[in-house]
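The values are calculated or read from the model by the stated rules, or taken from the named source; none is laboratory data. A quick note: this is a predicted structure, and the numbers were derived from the prediction, not measured. Cβ coordinates were reconstructed from backbone atoms using ideal geometry, including for glycine residues, and neighbour counts include every protein chain displayed. Heavy atoms of the whole protein, side chains included, go into the accessibility calculation; ligands, DNA and RNA do not. Shrake-Rupley method; radii C 1.70, N 1.55, O 1.52, S 1.80 Å.
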Amino acid sequence: MEVPEVARRGRGWALVAGAVVLGVVAGGCVGYLVQAGRAPSALPSLSQPTFAAATGTAPTPVAAATDRDLRALLLKKPAGAEGADWISGDGWMDLADDAAAHNGPKEAFGELVGEEFRRTAAVGWLSGERVVEIRLSQFRHEESFAAADVVESNQYGADRESGTDSWPIPGTGTGMVYAATKPTVEAGYLPQYSAQAHAYRGDVVLGIWVYDSAPITKAAIMDLAKRQMERL
C-alpha cells in the first residue's frame, strides 16, 4: 500500500470571517473658568522613591525538549506495527515541517506564525494496510487563544468532505471524530478510506488521521481519540 500524503491539513479554506468595526469617538473641548485672584494649588512632588537594583543572574530559559515534553504524551506505537518513516526520528516538527504538511504550505506558514505556533510532536505507524498519524501541536497563547480556532478550522474542513459521518468525543467539549463512508478511488491503487479527529486541551491541539483500504469504524477512530485525550 502506498503511504498517502498523511494528514494534510487544509487551512486555505479556514474560517476567514470577522469584519472590522471602527468606532469613532467624538471629543469635545470643555472650558473651565478660574476665579480671578484665586491662589493656585500646589503641584505634587516629582520625586520618586529609590529602589535598589536587582542582583543575581536571570533564570536560564527552559529547553523545548525538556519543557513539558509533548512526545511523552503521545500514544505509543502498537506492538508489531511499523514505525512511520515520514516522521522525523526525534518526533518533533518545527514551524517549517508543520507548514509543509498542509495543503498550501506557503499560506499555512503565515497562518501558523499568526497563530503563535510553538511546536508539534508527532507519532505514526503502519499496521497492515492501516496508516495512523497523531499530532500534538502547541501554541503560545500570548496574543490570542489559537488552539480553539485551529480546531474549529480543522473541523470545518472535515465537515465539508462529502460522505463523512461525525460524532462528538465525550468529555472534550468541542472535540469531534470523522469517518468517511466512501473511499477515495485512484486508478492503479486500492480504494482509500479515511478518518480523523480534532480536539484541544489548554494550549495543545490534537489531530489524528487514519487511512485504510477498508472502512474505518466509529469505534476505531473514537478509541484513538479518547485514549489520546486521556493522556492530555
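Here are the numbers:
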quantity	calculated
Accessible solvent surface per residue of the range 62-133, calculated while the other protein chains remain in place, 1.4 angstrom probe, Å²	51 Å²
Virtual paramagnetic centre 7 Å along Cα→Cβ of LYS218, amide N under 20 Å, in the range 174-192	174-183
Where trypsin sites (Lys or Arg not before Pro) fall in DSSP loop in the range 98-162, at most 13 other Cβ within 10 Å	ARG140
Neighbour-limited loop hits for GluC sites (Glu not before Pro), the range 132-232 (at most 11 other Cβ within 10 Å; DSSP other than H, G, I, E, B)	GLU142, GLU143, GLU186
Carbon/sulfur fraction of accessible area - the range 105-232, other protein chains in place, 1.4 Å, %	49 percent
Accessible area expressed per residue, the range 171-223, with surrounding protein chains retained (probe 1.4 Å, Å²)	44 Å²
In the range 180-227, chymotrypsin sites (Phe, Trp or Tyr not before Pro) in a DSSP loop with at most 13 other beta-carbon atoms within 10 Å	TYR189
Whichever aspartates and glutamates have a C-alpha closer than 15 Å to that of LYS182, once near sequence neighbours (fewer than 8 apart) are set aside	ASP159, GLU161, ASP165, ASP212
